[in-house]
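Read the structure below first, then the notes.
Read the figures in this text as sums done on the coordinates, not as results from a lab. What you see is a predicted model, and the numbers here were worked out from it, not measured in a lab. All Cβ positions, even for glycine, are placed from backbone atoms using ideal geometry, and neighbour counts span all protein chains on display.
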Amino acid sequence: MTPTIRNVTILGTGVLGSQIAFQTALHGFNVTAYDISDEALEEARGRFKTLSGTYAEEVPLAADGKAEETRKAITLTSDLADAVKDADLIVEAVPEVLKIKKETYQKLAEVAPEETIFATNSSTLLPSDIKDSTGRPGKFLALHFANRIWQFNTAEVMGTPDTDSDVFDAVVQFAKDIGMVPIELHKEKAGYVLNSLLVPFLNAAAGLAAGGYAEPEAVDTTWKIATGAPLGPFQIFDIIGLTTPYNIFSHGGPEEQKLAEWLKTEYIDKGKMGVASGEGFYTYPDSE
Ligand code: NAD
């Protein structure tokens, strides 16, 4: 029987976790958001406030005060056992570091109810890398969102060979229920569909700018005019935030590591982190 999902807990209230929590609460699910400390929860409050404004402006369903109602409906806690005690589904969006992910699942395995489904939002790790830490490989899979989930609303669903098909189906249904377009992967692929396309694309763009071949603006202009795409690669970098691509590049080969170093010295070290910090490759005067 396909499990029913009503209560959803999000682990990690950073860029993606806060968006997943907000989107899920907006669609009527009971949402608890967990983070590791009171300081992190204070930051989460700020993120939810900003998201409330963005949703009110950009998402028709969130108009007429619904965005603020949604914000107030999200329960915030730094107590893991309390956060997950009633969860049907846990969506994990903690930092993209294997050790942190594994430790998180080991702790979760001890405190979450036996029937709770675990989903990782990891962009670069395979669920098979993590599944043994979950203590419930049948109820574990990846559910991968894209940044600005209310707008770029794909949700890639990817199990391991151990994932129960009922669990897979329940998570596909959940994705639909929160306004996503589920993208089902039939087997594990690092980078899913989206990042299998996006990472080499951003890599090529960074190579052009870091190698002194063309300015970021020229690269974006070329891509937009010649393909009709609405955004160029450097606009995408800014939306993602430069830390995530930096982490991905720094785990690559020598060429990628040069790109990581370039991102760090020219942008990240200067506080240019992308849209969220008000400046990246472009400036965003309206950003908080
Ligand atoms: P982030 O750094 O913005 O947020 C991570 C959050 O996790 C922070 O709030 C941090 O306090 C919290 N945290 C740290 N250690 C923790 C722990 N042990 N337990 C619980 N919470 C902990 O990161 P992010 O960009 O939101 O990425 C989170 C996950 O989402 C990663 O797996 C990443 O690959 C994935 N993802 C990110 C994007 C993106 O565009 N940023 C897109 C898709 C998927």
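Note: relative contact order over segment 43-106, using C-alpha pairs below 8 Å and six or more positions apart, is 17 percent. Each label was represented as a point 7 Å from its Cα along the Cα-to-Cβ direction; for residue 265 and residue 189 these points are 3.6 nm apart.
Inter-part distance, segment 266-285 to segment 216-235, computed on C-alpha centroids, equals 18 Å. Out of the trypsin sites (Lys or Arg not before Pro) in segment 135-230, which ones are loop residues according to DSSP with at most 13 other C-beta atoms within 10 Å? In loop regions of segment 135-230 (DSSP not H, G, I, E or B), the sparsely surrounded trypsin sites (Lys or Arg not before Pro) are 187, 189. For segment 75-105 and segment 1-26, what is the separation of their C-alpha centers, rounded to whole Å? Value for the Cα centre distance between the two parts: 11 Å. Computed over segment 97-184, the alpha-carbon pair-distance distribution with 5 angstrom bins reads 3, 16, 25, 24, 19, 12, 2, 0, each value a whole percent. Eigen-decomposition of the gyration tensor built on the alpha-carbon atoms of segment 63-147 gives equivalent ellipsoid semi-axes of 25, 16, 12 angstrom, largest listed first. Label segment 186-288 by shape, choosing from rounded, prolate and oblate, from the square roots a ≥ b ≥ c of the eigenvalues of the Cα gyration tensor; if a/c is under 1.5 it is rounded, and otherwise prolate applies when a/b is larger than b/c, oblate when it is not. Judged from the Cα gyration tensor, segment 186-288 comes out rounded (a/c under 1.5).
Summing Lys and Arg as +1 and Asp and Glu as -1 over all other residues whose Cβ lies under 12 Å from the Cβ of residue 38 gives a net charge of -4.
Residue order for 196, 133, 78, fewest other beta carbons within 10 angstrom first, comes to 196, 78, 133. Taking GluC sites (Glu not before Pro) across segment 78-133, the ones in a DSSP loop with at most 13 further Cβ atoms lying within 10 angstrom of their Cβ are 114, 115. At 1.306 mPa s and 10 °C, plugging the Kirkwood radius over alpha-carbon pairs of segment 1-81 into Stokes-Einstein gives what diffusion coefficient in µm²/s? D, rounded to a whole number, is 125 µm²/s. Each principal axis of the chain carries a Cα extent, and these read 55, 44, 36 Å when sorted largest first. Given a cut-off of under 8 Å on Cα pairs at least six residues apart, what relative contact order in percent is computed for segment 45-161? Rounded, it is 19 percent for segment 45-161. Within the shell of other residues whose beta carbon sits under 12 angstrom from the beta carbon of residue 207, the net charge comes to -1, with Lys and Arg scored +1 and Asp and Glu -1.
If the Kirkwood radius is taken over C-alpha pairs of segment 122-275, then at 10 °C and 1.306 mPa s the Stokes-Einstein diffusion coefficient equals 93 µm²/s.
Given axes a ≥ b ≥ c from the Cα gyration tensor, I'd like to know whether segment 216-263 is rounded (a/c under 1.5), prolate (a/b larger than b/c) or oblate. Prolate.
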